[in-house]
Amino acid sequence: MPEISIVVPIYKIERTYLEKSVAILIHQTFQDIEILLIDDGSPDECGKICDELAKKDARIRVIHQENQGVSVARNAGVEAGKGKYIIFLDPDDWLELDFCEVLYRKIEETQADVVFCQKCHDYADETPPLYFNQRPSFVLTDDDCRRVALCLLKDDVRAFKNIGDIGACWGKIIRRDLLIDNHIVFPAGVKKAQDYVWNLYVCEYAQKYVYDNYLGYHYLSDNPTSICHRSNKEISQIILSVLRQMDLFVEKMHPSDIAYVHALGAGCFNMIRVIESSYLYHSDVNMSYKQIKAVYKEYLNDPVVKKYSCQCCQKDFNGIKGKVRYLLLKHKMYFAYYMVCKAKGAIG
């Protein structure tokens, strides 16, 4: 039985990126691993490439499934995994060669449920890699985990930018039993920020959560084929699906804790940034003020948004941009907000 199962969800990824990521996995300094390539019904040759790669190393297993989204693909990998620990990797990213060894030693040494590390922003062009100042390694307290959860609900994790990407599932090693025993899964059908929802439950159930300042995960920031860079007219509904999952979390875990309610209220406004950058003010989209106003109104009138957006106040927002967004949209000053966005770009 392998010590580590590495889950790689795959859909419409270029051969170059996929082969690079898998080659680095094969040559990890820690060899007691299995590599689970989850072909999520990709319409191109990804499934064929996965089968070719599996012939090169007996530790590679390929799971072909109908296209159901990255959440279902990752869940399938966790379910099929045989390792004591789980590592997630996106196929256009890559790991340092000693990533598995460093994180495995850390989680065994500390007997933690989760260990996560620092990430590096890499670029396909000549742009130099970018990484943040690294905070020394530490064990997260219960208060730290609570603060992480509140920041995830608020969609404001900048307070943790010097300790990796706390809101992602990758860059971590997780005890598989933590996920299985507590039924922690990625929400099916949620096409964006599913990591945030998953991490809410991880923070809730993890008894020991450790940050290691090792710089081990390479995140490709400028992949033009990534969903993060394309316009998406369905983004409002996608964000609403995230908020509904967060509503379920708050109702299940902290229904009487006003801090969680306020945090999700702020998140309802903060996540508007994603709608703006992915659709309303995207360079590929040309919308009139009337059309943009209709999107704002429909979003703000959604039952979950209305439930929480009235339960936050100005002090729940960090920075002037968030406060401006909150005040203008709360008071339905759509045209004033539209002019601000057009003058300075969407005020993310």
Next on the checklist: Explain nothing, just compute: Karplus ³J(HN,Hα) = 6.51 cos²θ - 1.76 cosθ + 1.60, θ = phi - 60°, for every residue of segment 241-248 in order, whole Hz, x for Gly and Pro.
Outcome noted: 5, 5, 4, 5, 5, 5, 4, 4
Next on the checklist: Using the Karplus curve 6.51 cos²θ - 1.76 cosθ + 1.60 with θ = phi - 60°, what ³J(HN,Hα) values do you get for each residue of segment 201-215, in whole Hz, with x for Gly and Pro?
Outcome noted: 6, 4, 4, 5, 9, 5, 7, 9, 10, 10, 9, 10, 7, 5, 8
Item to check | Electrostatic dipole magnitude of segment 1-98 [Cβ: Lys, Arg +1; Asp, Glu -1; Cα centre; debye, to 20] | outcome: 240 debye
Checklist entry - Which of the lysines could be linked to LYS12 by a straight reach, that is with a Cα gap under 25 Å, when you skip same-chain ones fewer than 8 residues away? => result LYS20, LYS48, LYS55, LYS56, LYS119, LYS172, LYS191, LYS192, LYS233
Item to check | Overall form of segment 154-302 per C-alpha gyration tensor (a/c, 1.5; a/b vs b/c) | outcome: oblate
Checklist outcome for this item: So the carbon and sulfur contribution to the accessible area of segment 91-163, 1.4 Å probe, in percent, is 48 percent
Checklist entry - Considering amide H positions built from the backbone, and no H for Pro or chain starts, which residues 5 or more places from ILE60, or on another chain, come under 5 Å of its amide H? => result ILE35
Checklist entry - Can you give the % of DSSP beta bridges in the chain that are antiparallel, to the nearest 5? => result 30 percent
Next on the checklist: Quick query: amide H of LEU140 versus all other amide H atoms, modeled in the peptide plane; which residues come in under 5 Å with a sequence gap of 5 or more or a different chain?
Outcome noted: TYR209, VAL210, TYR211
Checklist entry - Ranked highest first by average number of other Cβ atoms within 10 Å, how do 140-151, 261-272 line up? => result 261-272, 140-151
Next on the checklist: Sorting check: for 90-97, 195-202, 175-182, which peptide has the highest mean count of neighbouring beta carbons within 10 Å, and how do the rest follow?
Outcome noted: 195-202, 90-97, 175-182
Checklist entry - Taking the mean number of other Cβ atoms within 10 Å as a proxy for protection, how do you rank 122-135, 240-253 from highest to lowest? => result 240-253, 122-135
Checklist entry - Classify segment 31-89: rounded, prolate or oblate, from the alpha-carbon gyration tensor (a ≥ b ≥ c, eigenvalue square roots; a/c under 1.5 rounded; otherwise prolate if a/b is larger than b/c)? => result oblate
Next on the checklist: Just want the answer: with Cβ charges of +1 for Lys and Arg and -1 for Asp and Glu, which residue in THR141, ALA168, LEU153 is farthest toward the dipole's positive end in segment 134-184?
Outcome noted: ALA168
Item to check | Computed magnitude of the charge dipole of the chain (debye, nearest 20; Cβ of K, R +1, Cβ of D, E -1) | outcome: 1800 debye
Item to check | Spacing of the two label points (7 Å from each Cα toward its C-beta) at TYR123 and LYS306, in nm | outcome: 4.5 nm
Checklist entry - So what is the 222 nm mean residue ellipticity for the chain from helices alone, if each DSSP H run of at least 4 adds -39500 (n - 2.57) and you divide by all residues, rounding to the nearest 500 deg cm²/dmol? => result -13000 deg cm²/dmol
Next on the checklist: Quick check for you: which residues of segment 51-90 have the amide N under 16 Å from the point 7 Å beyond the Cα of GLU19 toward its beta carbon?
Outcome noted: 51-57
Next on the checklist: If I take the Cα coordinates of the chain and project them onto the principal axes, what are the three extents in Å, biggest first?
Outcome noted: 60, 43, 38
Next on the checklist: Which residue, ASN213, HIS331, VAL114, has the largest displacement toward the positive end of the dipole of the chain when charges sit on each Cβ (Lys, Arg +1; Asp, Glu -1)?
Outcome noted: HIS331
Checklist entry - Where a ≥ b ≥ c are the square roots of the eigenvalues of the C-alpha gyration tensor, would you call segment 1-128 rounded, which needs a/c under 1.5, or, failing that, prolate if a/b is larger than b/c, or oblate? => result oblate
Checklist entry - Within straight cross-link reach of LYS293, meaning Cα distance under 15 Å, which aspartates and glutamates are found once same-chain residues fewer than 8 apart are removed? => result GLU276, ASP302
Checklist entry - Along segment 24-36, what does the Karplus equation 6.51 cos²θ - 1.76 cosθ + 1.60 (θ = phi - 60°) give for ³J(HN,Hα), rounded to whole Hz, x for Gly and Pro? => result 5, 5, 4, 9, 4, 5, 9, 9, 7, 9, 10, 10, 9
Item to check | Segment ASN182-LYS233, extension gain: residue separation times 0.36 nm, minus the distance between their alpha carbons | outcome: 14.9 nm
Item to check | Charge dipole (the chain, unit charges on Cβ, about Cα centre) - positive-most of ASN182, GLY77, ILE33 | outcome: ASN182
Item to check | Length added when fully stretched, LEU248-SER137, from 0.36 nm per residue minus Cα-Cα | outcome: 36.7 nm
Checklist entry - Using modelled backbone amide H atoms (1.01 Å from N, in-plane), which distant-in-sequence or interchain residues come within less than 5 Å of ASN162's amide H? => result none
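The values are calculated or read from the model by the stated rules, or taken from the named source; none is laboratory data. From a predicted model like this one, the values you see are computed outputs, not experimental measurements. Here the Cβ is made from the backbone with ideal geometry for all residues, glycine too, and neighbour counts use every protein chain on show. Keep in mind that these areas ignore ligands, DNA and RNA; they rest on the heavy atoms of the full protein, side chains included. Shrake-Rupley method; radii C 1.70, N 1.55, O 1.52, S 1.80 Å.
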